[in-house]
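Chemist: Provided herewith is a single structure, encoded as structure tokens, for subsequent inquiry.
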Amino acid sequence: MRVAGIELGGTKVVVAAGTGPDDLGDPVRIATTDPVATMQAVADALELLWPFDAIGIASFGPLCLDPDDADGLRITATPKPGWSQTRLAAPLAERFGVPVRLDTDVNGAALGEGRWGAAQGLRDFAYITVGTGVGVGLVVNGAPVHGLLHPEAGHLLVRRDPVRDPYGGHCPFHGDCLEGLACGPAIAARVGRPAEELDDAHPVWPLVGDYIGQLCASLMLVTAPRRIILGGGVGQRPGVRAAAEAAMRIYLAGYLQSPAFERDIVVPPGLGSLSGVLGAITIARK
Ligand code: ADP
Ligand code: ZN
């Protein structure tokens, strides 16, 4: 089934159509500006990709994913200027006359990795991105988890040793929650330079790995994913994944037992920069 996928990110949008990685073509990239201009450019890009049977959107949030909500599938109260209450599905459904499905960017990336990437064949796994923020997509029993809202596990509270890490965190809601401590801007605020400029030996990487390891331990205790994919600009830094794996095991302290622990639980993504848009394609096919 040929479907269209839209990865709607805070800085850029990626649009493509196809059945999967083999016939995706060159994804169209659009800068995320104000919602009217951005969604107009998305619709124009979709026009050129017509025909398709459905549209999937993997979006930054927070999102309303409740199909019974009178105001529709939309972005809710986002700090991103101008985007609060932007309806994402209905305008595209009206214009193209096909179903439009919406999920979080991280649930999308998880679903894409499950279908074509590092979690193929698994029904229980997680996708973590550590970049501008920290997001977690959770697949349990083959389905992305939604509850009253969608999970926001990037904001889990973690243990911080104020001697090792005096930085108080930058989350505007929680201060030193995981995102407040481990995302790229938190690293930059701690050391006074952009995270990507730090060399691989910088002590911030094992520190960040420790915090991500705490998240992984919590995920293991709550939904017991068989694999945890660690993506994002920070998550894919050399050493961070290994530090997170090691820290997860230290925090679990041998309490969980499984032959699966003989190999790494925390793995790199398999789809690279395409996981977002392929996730959107997967959302469309649901
Ligand atoms: P986004 O989260 O916006 O989708 P990224 O995953 O690239 O995109 O995250 C961007 C954040 O990650 C920025 O704060 C940036 O400083 C940081 N970052 C990006 N690449 C790297 C890198 N190679 N090493 C360390 N930090 C990085
Ligand atoms: Zn927070």
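The values are calculated or read from the model by the stated rules, or taken from the named source; none is laboratory data. Model, not experiment: these values are computed from the prediction. Neighbour counts are summed over all protein chains in view; Cβ atoms, including those assigned to glycine, are modelled from backbone coordinates with ideal geometry. With ligands, DNA and RNA removed, areas are computed over all heavy atoms of the protein, side chains included. Shrake-Rupley method; radii C 1.70, N 1.55, O 1.52, S 1.80 Å.
Chemist: Keeping to the stretch 251-284, report how many residues are closer than 17 Å to Asp22 by Cα and surrounded by fewer than 21 Cβ atoms within 10 Å (Cβ to Cβ).
Modeler: 4
Chemist: Which one is farthest from ligand 1 (Cβ to nearest atom), of the residues in the stretch 236-248 that are surrounded by 18 or more Cβ atoms within 10 Å (Cβ to Cβ) and assigned to a helix (DSSP H, G or I)?
Modeler: If we take residues in the stretch 236-248 being surrounded by 18 or more Cβ atoms within 10 Å (Cβ to Cβ) and assigned to a helix (DSSP H, G or I), then Met248 is farthest from ligand 1 (Cβ to nearest atom).
Chemist: Conditions first: (1) within 14 Å of ligand 2 (Cβ to nearest atom); (2) within 20 Å of the chain's Cα centre (by Cα); (3) open to solvent by 60 Å² or more (accessible area, probe 1.4 Å). Glu179 passes all but one, so which condition is the exception?
Modeler: Of everything listed in (1) within 14 Å of ligand 2 (Cβ to nearest atom); (2) within 20 Å of the chain's Cα centre (by Cα); (3) open to solvent by 60 Å² or more (accessible area, probe 1.4 Å), Glu179 misses just condition (3).
Chemist: A further question follows. Check the stretch 166-175 and report whether any residue there is of a type outside the set (Ser, Thr, Tyr), open to solvent by less than 20 Å² (accessible area, probe 1.4 Å) and in contact (Cβ under 8 Å) with a residue 24 or more places away in the chain.
Modeler: no
Chemist: If I filter the stretch 42-75 down to residues being open to solvent by 30 Å² or more (accessible area, probe 1.4 Å) and touching a Cys at 6+ places or on another chain (Cβ under 9 Å), which single residue comes out as farthest from Gly25 (Cα to Cα)?
Modeler: Asp71
Chemist: Right, another one. Which condition number in (1) within 16 Å of ligand 1 (Cβ to nearest atom); (2) under 15 Å from the mean Cα position of the chain (by Cα); (3) open to solvent by 20 Å² or more (accessible area, probe 1.4 Å) is the one that His202 fails?
Modeler: (2)
Chemist: Please specify each residue of the stretch 1-41 satisfying the condition of being under 21 Å from Arg87 (Cα atoms), open to solvent by less than 10 Å² (accessible area, probe 1.4 Å) and touching a residue at least 40 places away in the same chain (Cβ under 8 Å). If you could, list the steps in order and put the result at the bottom.
Modeler: Pass one, the stretch 1-41, residues under 21 Å from Arg87 (Cα atoms): 3-16, 29-41.
Still in the running and open to solvent by less than 10 Å² (accessible area, probe 1.4 Å): 3-6, 8, 13-16, 38.
Listed by number, the residues that qualify are Val3, Ala4, Gly5, Ile6, Leu8, Val14, Val15, Ala16.
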